[in-house]
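The values are calculated or read from the model by the stated rules, or taken from the named source; none is laboratory data. Values in this document were obtained by computation on a predicted structure and should not be read as measured data. A quick note on method: Cβ atoms are made from the backbone with ideal geometry, for glycine too, and the neighbour counts reach across all protein chains shown. Calculation scope for accessible area: heavy atoms of the full protein, side chains included, ligands and nucleic acids excluded. Shrake-Rupley method; radii C 1.70, N 1.55, O 1.52, S 1.80 Å.
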Amino acid sequence: MPTRTAAQRREEAAREYDAFLATCPARQLLDRISDKWVTLILTALADGPQRYSDLSRRIAGVSEKMLTQTLRSLERDGLLTRSVTPSVPVRVDYELTPLGGTLMPLISAIKSWADGHMPEVAAARDAYDSSTPA
């Protein structure tokens, strides 16, 4: 086996994960983390551990089914943990993992951008809608 330089190893690793390719696992991950419910759940968990019911109340409009599915997928991806405390009723808490925490600066920046630029986006939408024939 020939010896490879560090640059060659990095180039090879970069080819393994190319989100522009349909079969790339990184594309699946991008699809997951770009979901609106994922963004809102991760942002809510940035404040610390939350119970399922707290998340459900905090994230307006999310159905129980969608919240449950999203939490499971985030747990599977290693972005959050689910802790069950036996009690009556059973207490279930969700918390960001260290891996999930590394995503938060990006998620927070995107959320801040959306919050800060919504008036401009709304104006652009209105201009587009008024100039485009129905």
_Please verify whether residue 106 is out of contact with any Cys (no Cβ under 9 Å at 6 or more places or on another chain) and touching a residue at least 24 places away in the same chain (Cβ under 8 Å), treating the condition exactly as stated._
no
*Could you give every pair whose Cβ atoms fall below 6 Å, whose first residue belongs to region 82-103 and is modelled with pLDDT under 95, and whose second residue is surrounded by fewer than 10 Cβ atoms within 10 Å (Cβ to Cβ), counting only separations of at least 6 or pairs across chains?*
91/85; 92/84
*Restricting attention to region 1-47, which residues are part of a helix (DSSP H, G or I), farther than 28 Å from residue 93 by Cα and charged (D, E, K, R)?*
9, 10, 11, 12, 15, 16, 27
*asked:* Just to be sure I understand the filter: pairs with C-beta atoms under 6 Å, separated by 6 or more residues or on different chains, first member in region 14-41 and open to solvent by 60 Å² or more (accessible area, probe 1.4 Å), second member assigned to a loop (DSSP other than H, G, I, E, B) and among the aliphatic types (A, V, I, L, M). Which pairs pass?
replied: 27/19; 30/19; 40/59
*So, in region 64-113, of the ones that are hydroxyl-bearing (Ser, Thr, Tyr) and under 13 Å from residue 40 (Cα atoms), which residue ends up least open to solvent (accessible area, probe 1.4 Å)?*
70
*Filter region 48-88 down to residues that are in contact with a helix residue (DSSP H, G or I) (Cβ under 8 Å, 6 or more places away or on another chain) and either assigned to a loop (DSSP other than H, G, I, E, B) or within 16 Å of residue 111 (Cα to Cα) (or both), then give me how many there are.*
6
